[in-house]
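Report on the following structure.
Derivation of every value follows stated rules applied to the coordinates shown; laboratory data play no part. Just so you know, these numbers come straight off a predicted model, no measurement behind them. Using ideal geometry, Cβ is built from the backbone for each residue, glycine included, and neighbour counts are taken over all protein chains shown.
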Amino acid sequence: MDGSKRCFKCNDIKPLQEFYRHSAMADGHLNKCKACTKNDVAKHREDNLDKVREYDRNRGKRQERIDAAIEITKIWRQQDRRRLAAHNAVARAIKSGKLKRMPCERCGAEKSVAHHDDYDFKLQVMWLCQPCHKQRHQELKLL
């Protein structure tokens, strides 16, 4: 059974890559597979939604999280200055009424963000919800 392990939850034997790392375990991996762990986490979130949301709100207010967000923003701005200029141009255009926020172009969700395929065209945007926006960036990485 070298390189594999039995999940105590589903009782399936799976490769070690299917288990999260856990330094306290003898083999360095959790005894529950990733699929079972994800199911348990989803169920816990569903059963305790109010508590989890409150925890999430408070976590974002912790000083180390605020400091990390500031650092990430600094790096993000330095990586491509055109990106910040494009984001600012969109914000100004929305405020002035020159540009109107639209529903997601892919799924139709009402809440959307502006996505630039090319930052040189500051007001040429696609309106995408957050999941579709993330998916679009993954697609662009593959090109």
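For helix 34-47, report the angle its Cα long axis makes with the longest principal axis of the Cα atoms of the chain; keep it between 0 and 90° and round to the nearest 10°.
Its long axis makes an angle of about 70 degrees.
Would you work out the Kirkwood radius for the chain? I mean one over the mean of 1/r across all pairs of different Cα atoms, in Å. Can you show the working numbers first?
On the way: mean 1/r = 0.0516 Å⁻¹.
For the chain, inverting the mean 1/r across all distinct Cα pairs yields 19.4 Å.
Could you give each residue of the stretch 69-74 its phi-based ³J(HN,Hα) in whole Hz, using Karplus coefficients 6.51, -1.76, 1.60 with θ = phi - 60°, and x for Gly or Pro?
My calculation for the stretch 69-74 gives 4, 5, 5, 4, 5, 4 Hz in order.
Using a 10 Å cut-off around each Cβ, can you sort 127, 76 from fewest to most neighbouring Cβ atoms? Working shown, then result.
Numbers: 127 19, 76 11.
Going from sparsest to densest Cβ surroundings: 76, 127.
Exceeding 30 Å between C-alpha atoms, which entries from my cross-link table qualify? They are 5/134; 38/134; 14/111; 43/134; 51/134.
Details: 5/134 33 Å; 38/134 20 Å; 14/111 40 Å; 43/134 24 Å; 51/134 27 Å.
Over 30 Å apart, Cα to Cα: 5/134; 14/111.
Looking at the calculated P(r) for the stretch 4-48, what percent of the C-alpha pair distances fall above 15 Å? Walk me through the intermediate numbers first.
On the way: 415 of 990 pairs.
Considering the stretch 4-48, 42 percent of its Cα-Cα pairs are separated by more than 15 Å.
When only DSSP loop residues count, what trypsin sites (Lys or Arg not before Pro) in the stretch 52-143 have their Cβ near at most 11 other Cβ atoms within 10 Å? Present the calculation step by step, with values, prior to reporting the outcome.
Working: sites: 53, 57, 59, 61, 62, 65, 74, 77, 81, 82, 83, 92, 95, 98, 100, 101, 106, 111, 122, 134, 136, 141; in loops: 61, 62, 98, 100, 101, 106, 111, 122.
Counting only loop positions with at most 11 other Cβ atoms within 10 Å, the trypsin sites (Lys or Arg not before Pro) in the stretch 52-143 are 61, 62, 98, 100, 111.
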